[in-house]
Amino acid sequence: MPGVKSRPSHSLVGRFRQCVDEHVPRIVKVGDYAKLLRISRYRLNRKVNEQIGTTASRVIHDRLLLEAQRLLLHSESTVSEIAYSLHFVDPSYFGRFYRRRQGVTPAEYRRRARNHVAELQAIDVADAFTAEI
């Protein structure tokens with residue numbers, strides 16, 4: 001894997017976050033990001049914790065969760081298809097990962113989010129109708 005060139009104007013944590021944004025879900029291991037950044041896993045975790053108060057793996061998981069939410073809301077793919085597209089070995093592991101982080105299953109999140117969007121659209125239509133009257 002080619003390394004990420006250091007830029008004086010960008011902090012290590014900023015470069016790490018940029019790498020995560022570019023490479024999730026293909027890369028999900030802290031050690032792989034450390035290699036990209038040409039530092040040790042220990043140093044990466046220490047710097048992330050010092051600057052933003054969390055672990056490097058948490059940053060990766062948060063980005064993975066965001067991508068999962070985007071796919072659940074904006075695609076017609078099944079939950080299993082989404083799990084595989086995010087490089088989970090098994091859809092049930094994806095379900096546990098998601099439920100542990102969000103408190104609901106991926107399917108329940110999708111249902112609730114789509115219902116919420118439909119309610120907002122109905123409100124917009126009603127507002128537009130009353131504005132015309």
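Observations on the structure shown:
- Helices (runs of 4 or more DSSP H) (entirely within segment 23-122) containing at least 1 residues that are within 13 Å of the chain's Cα centre (by Cα) and surrounded by 12 or more Cβ atoms within 10 Å (Cβ to Cβ): 56-74, 79-85, 91-102
- Meets criteria (more than 13 Å from the chain's Cα centre (by Cα), surrounded by 15 or more Cβ atoms within 10 Å (Cβ to Cβ), of a type in the set (Val, Ile, Thr) and outside any loop (DSSP other than H, G, I, E, B)) for Val20: no
Coordinate-derived values only; no laboratory data. All values reported here derive from a predicted model rather than from experimental measurement. Glycine gets a Cβ as well: all are built from the backbone with ideal geometry, and neighbour counts include every protein chain shown.
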